[in-house]
Amino acid sequence: MSSDYTSEAVIEKQLINQLTSGESQWTYRKDLNTDSLLWQNFFEKLEQNNVRVLDGNSLTEQEKLQIQNQLNFVNYYEAAKWIAGENGIAKVQVQREDASLGTIRLEVLWRDNVAGGKSSYEVVNQVQRDKIDTKDANRRLDVTLLINGLPMIHIELKNRSTGFMDAFRQIKKYDGEGKFRGIYSTLQMFVVSNATETRYIAAAKESKINDQFLTKWVDKNNRPVVALNDFTDQVLSIPRAHQMVMQYSVIDDDKKALILLRPYQVHAIEAVKKASGRQQSGYVWHTTGSGKTLTSYKVARNLLQIPAIEKTIFVVDRRDLDQQTTSSFLSYAENDTIDIDETENTHNLVKRLYASDKRVVVTTIQKINTMMKKFEEGKYAREYKKIKELKLAFVVDECHRAVSPERQRAIQQFFVHSLWYGFTGTPIFKENKRAQKGDLAQTTEAQYGDRLHQYTVKEAIHDKAVLGFQPEYKQTFINDIEENEIQDSIYETEEHMLEVIDSIVNHSYQKLGFQNGVGRTYSAILTVKSIAIAQKYYDLFQQVKNGAMSVKVSEKGKRVLPDFPKIAITYSITENEESSVDNQKHMKQATKDYNEEFNTHYSVTDIRAYNSDVNERLARKKERFTFREEQLDLVIVVNRLLTGFDAPCLSTLFIDRAPMKPQDLIQAFSRTNRLFDKTKSYGQIVTFQKPHLFKEAVDYALRLYSNGGENYVLAPNWEEEKANFDEKVKQLKHIARTPEETPEIGSATDADLKRFAKAYQEFDKYFASIQVYSDYNQEVIFEESNLTTKIIEEYAGKYENVIEELKRRREDPGSDDESSDIDIFYELSSVHTDEINYNYILSLIQAFIPDDRLEVRELSNKDIKAVSEYINELGKTNSGLADLINSLWLQVQLDPELYRGQSVSNLLDALIEETIQNQVKSISKQWFVGYDELLFLVKNYRRGATKQRGEYELRKSQDYAAYKEKYGDQALSPLKYKSSIKPAYTKVIQEVIEPILQRR
């Protein structure tokens, strides 16, 4: 290792010293370095904190075993539910071995007891975790923080020469090996650092943890805090560390996941808390997509901890919108200590407000208006005075429009002791203020008060909390007149609409994630100006899909998704408007089509249930929407879903209407820029009307809402990105003019290999990027750059060999390669065009393996058929891998319970390893060569290399005499024997082993 870098051991020691120095609450426990010692320490804490309950009767070994079993959680979500506890206290139940002592409940953790007498904070390091599987290794974990003896935060460190992602991958590996079971199963937070860069993430199983959610800490002014010593000071000190895992975490019951708040959410909560202490109202500007609903939930919940506030009213926008927001609230609150009530009617609202308990009430402004009107009519006379005198905090989601200034004033005049806290991603400023109406507020600040905290889209993109935007401004016809003179009627013609449909269904494959393969594509929204236009589009889409129009769905698209596009339409239906009969008639047909597509039973009479299902199907958050059969590709809307709707898998917004107001543009754009997977790099926006005027409107909106970072928010335009790509092609060909001229892995230096690998990674990145643009034309690009699909695939094959060689050299004990010039775990994104992705199949199988304490999901014939068909499709391109997955799938079908809590990916890895060993064993026996020597060569095989590692040792292991004895007269001559071995094992490696290792 280079002496220029501080070693991990020194970084670890410095971290422990910082944690335990000065007025710190942390105590270093060097003596706690084994599982048994950790348990012993935990039980000492437990008995100290429960002296009264134990009443002099110490816990027996059998009773301790009961507790150990209770605290061996199958996943971190279950641990989080236990930690949430009863009224904020996590407890264990013990049936006393002495029956006369009965059953007792012992208190373990206290949510609100921060740095109090009952909470202890300890630091341990280099704890030994023994292997569970014989193929794994014993491990020593870096640094773990204990609260009351239980591991709560684990920190994995690397030195400065290595990226923090190596520490993240180490954590994934440890979890896959089962190193975080037992007492470590209570972990709630992982921290990874190389001393220079530090990130944190909520604890999750190896199969579910996503590096895209690694979070950088920022201070209250949104300045990055990335150095380990600064991060330790601001996040790992007490009380903050206790708060992070006990108070600033949320259990999402729908996703079965633990969520740790991001730093800006923490700062907003604390800012609101301080303002409420001063009896001051205000608003929070957090960009759309950054988790406002989650932040507002924690604000609403935490405000109840303030003695002066009796109830919190969380106000959502309207009935169509509040379904998703309320659902999120109820999911978050499922395991919380505070009741969340969704008021179905005014009577329930009055009942909830009149009750004496502290609670959060979720309601709409319409219900509050109705309640006040009934008070004016003399109803609810008994409850009137108490409710009017309540000390309330109103938390308003989408406050830029949820409550009008006029209506807010009326409510404030009724609730004379009310505080108001608004949350918005698009405040109303003086530049786009409301029209004057008397002395009513025209801006968000005038309506709610001071801005308590802000986190703009510029900062969110910088912190990778959301993605940037990639807008394209298209025109469907050529014209010589000024755009502002173009009549709207031109955009209502069938000719224009078919051009739009053709763009969506035949020229948006990269935007919609077709490169990811079936089941992993993205969803989209098409927004138009009116219900009538939406209906016309819906009918045209159906005709195009059925082959009845000049525009057809291309064969290229059908190869990936034969049922593409699956379309739905959603709009508000009224009873009394002139168009209501036609609207209901059209929606009746749309719901009929929807029911046939998805085997549902909705009708116009239960349109809210239909809308809710469309929302869920478009967002795909629930496990059942992993299956292609349950997925929706595109929803046509007027205004629904353009604000407040959260769907990370939604990648593209198609806009066929005139530009909206600045705040409405940003809200609509922000449906697309949620983090999702590695391939989704921007929120895609495609407009089809008046491109120059639309661009002007977008530029103005971004200037208003990006805090001076409008250029930072947008992806490069086509010309800029194409120029970047051309430069990367030039750099790649300068190093290797053809695939055959790539550095020879057997003889090239580390520097040469890294230069090529880095050049190819850069090429791959920009090649993938330009394919998303509508201007991309593969024939033109290939002609200009003198490339073909075959050449790119050959370059990619050479690159994979180089990366494997660099990995091998990195692991070589004699290597001094500590450089982090390149990311050797970089995943190619431009050449993966598989129509069936093995990862998708594994995710479907994983859905049937219980990973918590819920019942095993029942396998329907439809489910079995879907998975089996995907495996059969994979078999057309990789039969060996398909056979292994099918074997695993059959076993899971027979007994899912047998695999409870296990990762399908790990199970497949074990099958692959077993297959490799069997193949090696077979060759070893057939040719009488050493098994270990051949296995080493197979594991280090480099396609294209003239000399393989281990060849010399393998030749020395040959036993011609034993071979001759077995085969007798059929045996080859010594010369032919020696020359035949290499082709034999090479054939098996290339035809059997490599395909299953490549996983594609």
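Is there any pair with a first residue in the range 933-946 that is surrounded by fewer than 17 Cβ atoms within 10 Å (Cβ to Cβ) and a second that is of a type in the set (D, E) whose Cβ atoms are under 8 Å apart and which are 6 or more apart or on different chains, and what are they?
R943/E994; A945/E744; T946/E744
Restricting to the range 566-587, what's the tally of residues that are open to solvent by 10 Å² or more (accessible area, probe 1.4 Å) and at pLDDT 95 or above?
Counting residues in the range 566-587 that are open to solvent by 10 Å² or more (accessible area, probe 1.4 Å) and at pLDDT 95 or above gives 1.
If the Cβ limit is 9 Å and pairs must be 6+ apart or interchain, which residue in the range 642-653 that is in contact (Cβ under 8 Å) with a residue 24 or more places away in the chain and assigned by the TED database to the domain that holds S612 pairs with which residue that is of a type in the set (D, E, K, R) and part of a strand (DSSP E or B)?
Cβ pairs passing all conditions: G644/D397.
Taking A568 as the residue in question, decide whether it is in a helix (DSSP H, G or I) and under 23 Å from V505 (Cβ atoms).
Against the criterion (in a helix (DSSP H, G or I) and under 23 Å from V505 (Cβ atoms)), A568 does not qualify.
So, in the range 278-299, of the ones that are modelled with pLDDT of 90 or more and not in a loop (DSSP other than H, G, I, E, B), which residue ends up nearest to D252 (Cα to Cα)?
If we take residues in the range 278-299 being modelled with pLDDT of 90 or more and not in a loop (DSSP other than H, G, I, E, B), then T295 is nearest to D252 (Cα to Cα).
Pick from the range 717-744 the residues that are in contact with a Lys or Arg (Cβ under 9 Å, 6 or more places away or on another chain) and part of a loop (DSSP other than H, G, I, E, B): which of them is least open to solvent (accessible area, probe 1.4 Å)?
A736
Restricting to strands (runs of 3 or more DSSP E) lying wholly in the range 24-118: which have 2 or more residues that are of a type outside the set (G, A, S) and within 30 Å of K298 (Cα to Cα)?
Here the list reads 89-95, 103-110.
Quick one: how many residues across the range 199-230 are open to solvent by 30 Å² or more (accessible area, probe 1.4 Å), of a type in the set (D, E) and more than 12 Å from the chain's Cα centre (by Cα)?
Number of matching residues: 2.
Hey, which of the helices (runs of 4 or more DSSP H) in the range 366-483, taking only ones fully inside, have at least 3 residues that are touching a helix residue (DSSP H, G or I) at 6+ places or on another chain (Cβ under 9 Å), free of Cβ contacts under 8 Å to residues at least 60 places away in the same chain and over 30 Å from H507 (Cα atoms)?
Of the helices (runs of 4 or more DSSP H) lying wholly inside the range 366-483, those with at least 3 residues that are touching a helix residue (DSSP H, G or I) at 6+ places or on another chain (Cβ under 9 Å), free of Cβ contacts under 8 Å to residues at least 60 places away in the same chain and over 30 Å from H507 (Cα atoms) span 381-388, 405-414.
Restricting the search to the range 298-316, which residues are crowded, with 22+ Cβ neighbours inside 10 Å and either within 15 Å of G422 (Cβ to Cβ) or without any contact (Cβ under 8 Å) to a residue 40 or more places away in the chain (or both)?
V299, A300, L303, T312, I313, F314, V315, V316
Residues checked against (1) part of a loop (DSSP other than H, G, I, E, B); (2) hydroxyl-bearing (S, T, Y); (3) crowded, with 19+ Cβ neighbours inside 10 Å:
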| site | (1), (2), (3) |
| --- | --- |
| V235 | no, no, yes |
| I238 | yes, no, no |
| A241 | no, no, yes |
| M244 | no, no, yes |
| K255 | yes, no, no |
| Q265 | no, no, yes |
| E270 | no, no, no |
| S276 | no, yes, yes |
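On the basis of being over 31 Å from the mean Cα position of the chain (by Cα), at pLDDT below 95 and open to solvent by 10 Å² or more (accessible area, probe 1.4 Å), does S747 make the cut?
So S747 fits the description; yes.
For the range 614-646, which positions are open to solvent by 20 Å² or more (accessible area, probe 1.4 Å) and closer than 21 Å to P562 by Cα?
The answer is R620, R624, T626, E629, E630.
The values are calculated or read from the model by the stated rules, or taken from the named source; none is laboratory data. Bear in mind the structure is a predicted one, so any value in this text is a computation, not a measurement. Glycine also receives a Cβ, built like all others from the backbone with ideal geometry; neighbour counts cover every protein chain displayed. These accessible areas exclude ligands, DNA and RNA; they are computed on the full protein's heavy atoms, side chains included. Shrake-Rupley method; radii C 1.70, N 1.55, O 1.52, S 1.80 Å.
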